[in-house]
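Working notes, structure below.
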Amino acid sequence: MRTAAKLGSYALGLAVVFGGALGVGRLITPTAAGTTTAADTRTGDDQAAGHAGDDHATGHTGAEHSTQQPVTSDTPGGLQVSQNGYTLNPITSITTGVPTDFRFTVIGPDGRAVTDYQVEHDKKLHFIVASRDLTSFQHVHPDLAADGTWSVRLTLPKAGAYKAFADFVPKGGEKLTLGADLQAAGDYRPEPLPHVSRTAAVDDYTVNLAGDLVPGRAGKLTLTVNKDGEPVTDLQPYLGAYGHLVALRAGDLAYLHVHPEKSDKAGPEITFYAEAPSRGDYRLFLDFQHEGKVRTAAFTATATLSDGHAPSATHDHTH
Ligand SMILES: [Cu+2]
């Protein structure tokens, strides 16, 4: 949706905002490492994560490069329940395994429930619920009441900790992803993260993943959908594209920014640009629609410094 030029000027604008907010952040949250988590207080969102350090390819030495690795520079989306004056406010508690009319609001800077949203990817708000072990994933679209209360039919399938993400743009504001914990009572048996794989199966479909997540920059990911071994060329539009991709970091469920590549081709390939905020493992969830049904294919992928920037001793001391 956004062109590279637009992203560039956007990042520039955020850099100014960031500078203004830095002093405030330093007063409040100096970290042990002596860095400042100004992202907690700045008003720009994390769209700029990595863009500011995007000059990797301009011939820096290894030493300079290592200080520019965006490993600790910006706070990714989804890690905070409150950001830029907006707070995700769950209202309903959920009983494990029981379909529930789940309600929540987004409280705005004026202390009231937000009622005006901008439509993005065909919806005013995208609601993602993932289990903390990343084995359960739901992407739903709640209904907005006039008073700002969102509601959606939601089931937490098994006991454990979940994270709910609200991805939205308040009218006149910046894009935000807020994250809140949901708890499902019972005997919690977390599962290990599924192994890294470039193939995912769902019903009669097999989806292949090409491309890599690269820390700090937009990595191109191409997903190819096959059914019964044949390429699918009649995918149906879903959320303004032929697929919707959500990427979550294993360990803290940081929510990545993913932009679909505009395409008129209804498959079998769907291309996205996803920005990993750091090295590590991620779980990718692709929603695609075919023959009237939305399905989700899930992959585990690792973000490494490929793309001509092989890991070296210079980098290793930062981890
Ligand atoms: Cu959505």
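Here is how the numbers come out for the structure above:
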| item | result |
| --- | --- |
| From the options Asp252, Asp281, Asp264, Asp307, residue that is at pLDDT 95 or above and outside any strand (DSSP E or B) | Asp252 |
| Search result, residues across segment 220-237 that are among the hydrophobic types (A, V, I, L, M, F, W, C) and at pLDDT below 95 | Leu235 |
| Meets criteria (of a type in the set (Asp, Glu) and touching an Asp or Glu at 6+ places or on another chain (Cβ under 6 Å)) for Asp116 | no |
| Count - residues of segment 92-111 that are surrounded by 12 or more Cβ atoms within 10 Å (Cβ to Cβ) and among the charged types (D, E, K, R) | 1 |
| Failed item, numbered, when Thr177 is tested on (1) closer than 20 Å to Val246 by Cβ; (2) in contact (Cβ under 8 Å) with a residue 40 or more places away in the chain; (3) away from the ligand (no atom under 14 Å from the Cβ) | (3) |
| When residues of segment 112-167 are limited to those that are within 21 Å of Arg189 (Cβ to Cβ) and either aromatic (Phe, Trp, Tyr) or free of Cβ contacts under 8 Å to residues at least 12 places away in the same chain (or both), the one farthest from the ligand (Cβ to nearest atom) | Tyr162 |
| Residue within segment 86-97 that is within 16 Å of the ligand (Cβ to nearest atom) and of a type outside the set (A, V, I, L, M) present | no |
| Segment 259-299, residues that are farther than 20 Å from Lys163 by Cα, surrounded by 21 or more Cβ atoms within 10 Å (Cβ to Cβ) and within 15 Å of the ligand (Cβ to nearest atom) | Phe272, Phe288 |
| Within segment 202-219, considering residues that are assigned to a strand (DSSP E or B) and at pLDDT below 95, the one surrounded by the most Cβ atoms within 10 Å (Cβ to Cβ) | Pro215 |
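The values are calculated or read from the model by the stated rules, or taken from the named source; none is laboratory data. Model, not experiment: these values are computed from the prediction. Cβ coordinates were reconstructed from backbone atoms using ideal geometry, including for glycine residues, and neighbour counts include every protein chain displayed.
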